[in-house]
Structure formats: structure tokens, C-alpha cells
Amino acid sequence: QAKQAGRNRYSIFDVSLDQQTRSRFREKERVAQALRQGELRLYYQPKVNMRTGQVIGFEGLLRWQHPERGLVGPLDFLPQVEHTDLIVEIGLWVLQEALRQLAVWEKAGMRTTVSVNIAARHFQNADLVDQLRDLFELYPTVSPGSLELEILESAALEDIQSVRAIMAACQKQGVKFALDDFGTGYSSLSYLKRLPSNTLKIDQSFVRDMLEDPDDLALIEGVVSLASIFKLGVIAEGVETTEHGVMLMRLGCDEVQGYGIARPMPAVDVPAWCTQFRPDPAWLRWADMRWD
Ligand code: C2E
Ligand code: MG
Ligand code: MG
Ligand code: MG
């Protein structure tokens, strides 16, 4: 009796595992098809300097314009392909799309920067250096300094020797780096010293809770002083309110990105957004106070 139940359980388990594998395979195939059929989009979210009121650039964020499901966010389809070569192909598309857009904006007289997110698997693949070289040949009007690559702090720590070498080779071409979701990994000071990063990007979870949770506030202060010690830039993501922004300025973090400034938008909306953007008066008041 028990044996039979056991056998049944196993057979049920096998069937569901098989179904899972198959459905994962189908999902991956569907994402591959989305890439081939041109259903992927890059949306752009502004990054601003609160002290100067300037728009410093944009983060390119992947979207899937799905024929039935509408606009699908990256967390709903990237994790399924993150550990396959498809993530490298998608990353290559994202890089090319960002450079193509930068070339278009540059031609229209708009000078800006674009950051894109690079998956660990793509980053750990040394071809990235050659891919970038080829892309800058394809878009010769785009200055490599206007492209920034965001890599997760946790990914950068995985294999620090090779990550460091790849970062250095990309930087030789002029490309910049930010450590994304900073504060969620376990960077030691010596690791940080060895990584040739340009900017630390404070994770949005700390910003979200910083006005209620003194630990998160302290962590942000810590990251800001780390950035200053290592002469790195620092930017906070997930800034939703005026209070977030003012507190970040007081802590010495002037660059921000978040729904409080703008949501990610299609490239066509960017020029009009830039024209109508006005800095939050509370930022300017605070900036004035600091100058007195
Ligand atoms: P991330 O790089 O940390 O990007 C920030 C995410 O926070 C974005 O979500 C953005 O839309 C969202 N966000 C921005 N401001 C706010 C805010 O004020 N409040 C809140 N609650 N959220 C805000 P999104 O676009 O869904 O992207 C999620 C993650 O997916 C990204 O996190 C990044 O890790 C990954 N991702 C996005 N695009 C790409 C890509 O092209 N390639 C790779 N490999 N990963 C990507
Ligand atoms: Mg990012
Ligand atoms: Mg982030
Ligand atoms: Mg994130």
C-alpha cells in the first residue's frame, strides 16, 4: 500500500517536472521569437542632478511589447532566460538599440548618456569587449563615454579577477560602469578598491525605507562616503517623493532616478519630456541653503 502510494507520488512528481521543463522551454522559445520578430523595446528613464537641475542621462530598460499581453516588464521574462545564451543575444540587442538611439539623438542635437543593464552571464563573456568595439564602429558618431554599463554588485563579486579585467578593457574604449543595486551585495572595501567602477547606484530598497528605517538611512550615508573615499559618482534609484530627494541631497547624493521624476518612457517621448522638465522647487531651496 505504502509502496504503491510512494510510486504514485514519484510518477506524479516526474510528470510535473517534465511539464515544468517543457513549459520553461516553450517560454524560452517564445522570448527568442520576440527578439527575432522585433517585439522588444527599450524604454528610457531620466536621471537628474537635483543640485543643478540638469538631466544627466537615461537608463535604458527592457520591455516586451507582447501582441496579446501588452507591455511586459523584464522581471516577467528575463529570469527565465538569464542562465542561457539568449540573455547574451538580448544584451547585444539592447546595446545596439541604445547606441542607435544615442546616434539619433546626437544627430538631432541632443547630447546625453544612456546606461544599460548587462547580465552577469553576458558580462562574464569576454566577447563583450569585441562586441562593443564592433558596435562603436557601426555608430561612429556616438562617443563611447556616453554609454554606461550597469552591472549588479552581486555579479561583479562572482569572479572578481575576470570581471576586473573585462571592466578595464571596456573602459579602455571609453565606456563607463556603474555597480547596480549597490548595498545588496557584500562588497568589502578591498573588493571595491580593485573594481574600476565609475559610479555606485544605491539600491531602491534603501531609498524606499530610508525615512522610516534609520538602518537604511545609515547604509545610504555609508555608500555616499564610500563613493567619496574612492572618488566615485553616486546615484540613488527609486526616488518617488520630494522628501526622498531632499533627504538624499542632505546626505550628499545629488543624482537621482525614480518615478518621482519620471517613469520609463519610449524614446519618442524623451525630447518633449526634456523640454517640459522643471526641477522640484524643494531641491532648489535646499541647494540654496547649502550655498549660504
Ligand atoms: P534595475 O536596473 O535596478 O532598474 C530599476 C527598476 O526600478 C526598473 O524596473 C525601473 O522601472 C524601476 N523603478 C524606477 N524608478 C522607480 C521608483 O521610483 N519606484 C519603483 N518602485 N520602481 C522604480 P524594471 O524596468 O521593471 O526593471 C527591473 C530590472 O530588470 C532592472 O532593475 C534590471 O535589473 C533588469 N533589467 C531591465 N532591463 C534590462 C536589460 O536590458 N538587460 C538586463 N540584463 N536586465 C535588465
Ligand atoms: Mg539598472
Ligand atoms: Mg538597480
Ligand atoms: Mg534592481
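The values are calculated or read from the model by the stated rules, or taken from the named source; none is laboratory data. For clarity, every value in this text was computed on a predicted model and none was experimentally measured. A quick note on method: Cβ atoms are made from the backbone with ideal geometry, for glycine too, and the neighbour counts reach across all protein chains shown. For accessibility, only protein heavy atoms count, side chains too; no ligands or nucleic acids. Shrake-Rupley method; radii C 1.70, N 1.55, O 1.52, S 1.80 Å.
Side notes on the structure shown:
- Residue in the stretch 220-267 that is least open to solvent (accessible area, probe 1.4 Å), counting only those that are among the charged types (D, E, K, R), within 11 Å of ligand 1 (Cβ to nearest atom) and over 25 Å from SER197 (Cβ atoms): GLU240
- Selection within the stretch 39-93 - hydroxyl-bearing (Ser, Thr, Tyr) and open to solvent by less than 20 Å² (accessible area, probe 1.4 Å): TYR44
- Test result for GLU237, within 16 Å of ligand 4 (Cβ to nearest atom) and closer than 30 Å to ARG133 by Cβ: yes
- Pairs are defined by a Cβ separation below 7 Å, a sequence spacing of at least 6 or placement on different chains, a first member in the stretch 168-181 that is of a type in the set (Asp, Glu), and a second member that is in a helix (DSSP H, G or I) and within 13 Å of ligand 1 (Cβ to nearest atom); the pairs so defined are ASP180/GLU153; ASP181/GLU153.
- Every listed requirement among (1) touching a strand residue (DSSP E or B) at 6+ places or on another chain (Cβ under 6 Å); (2) within 30 Å of VAL129 (Cβ to Cβ); (3) within 16 Å of ligand 3 (Cβ to nearest atom) is met by VAL207 save one, (2).
- Residue within the stretch 6-20 that is assigned to a helix (DSSP H, G or I), open to solvent by less than 80 Å² (accessible area, probe 1.4 Å) and at pLDDT 90 or above present: no
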